[in-house]
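One structure below.
None of the figures in this text is laboratory data; all of them are computed from the coordinates on show. Note that the structure is a prediction, hence the values are computed from the model and not measured. All Cβ positions, glycine included, derive from the backbone under ideal geometry; neighbour counts span all protein chains shown.
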Amino acid sequence: NTSLSQVCYVDERHIALPIQTFNKACQHVKEVPDMFAEVVDPVTLRNWNLELKYLSTVEQGPIFEKMAVKLAKIFSLFEMEDLFHLKGAEIYEVLAVSEQ
């Protein structure tokens, strides 16, 4: 079980999930690449279950930069921006979506 702070929409068939580290706190360990994720819409509070297939990891480019900016804003709300570092964005294909 892992808690993520953000799911980044890439296109209608793909999402990106962050690989985050906290300075001196932990290192990312690659888990089973294909997975399930529960996503909560922060506006409607509706829950969605996603079945995902791992495709690749990006450490630069537009998806990485978009995610880094959004996560930095989230961490700054809690005055934790100095602890945050985005290592990469894992790109997943969305195989199935169901509403809870």
Which semi-axes, in whole Å and largest first, does the equivalent ellipsoid of the stretch 42-94 have when worked out from the alpha carbon gyration tensor as the square roots of 5 times its eigenvalues?
22, 19, 9
Modelling each spin label as a point 7 Å along the Cα-to-Cβ direction, I'd like the Phe36/Leu77 distance in nm, to one decimal.
2.7 nm
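Using a 10 Å cut-off on Cβ atoms, rank the peptides 52-58, 36-42 from the highest mean neighbour count down.
Details: 52-58: 15.4, 36-42: 11.4.
The peptides rank, most packed first, as 52-58, 36-42.
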Set the Förster distance to 41 Å, then compute FRET efficiency between Gln60 and Ala96 from the Cβ-Cβ distance, nearest 0.05.
0.85
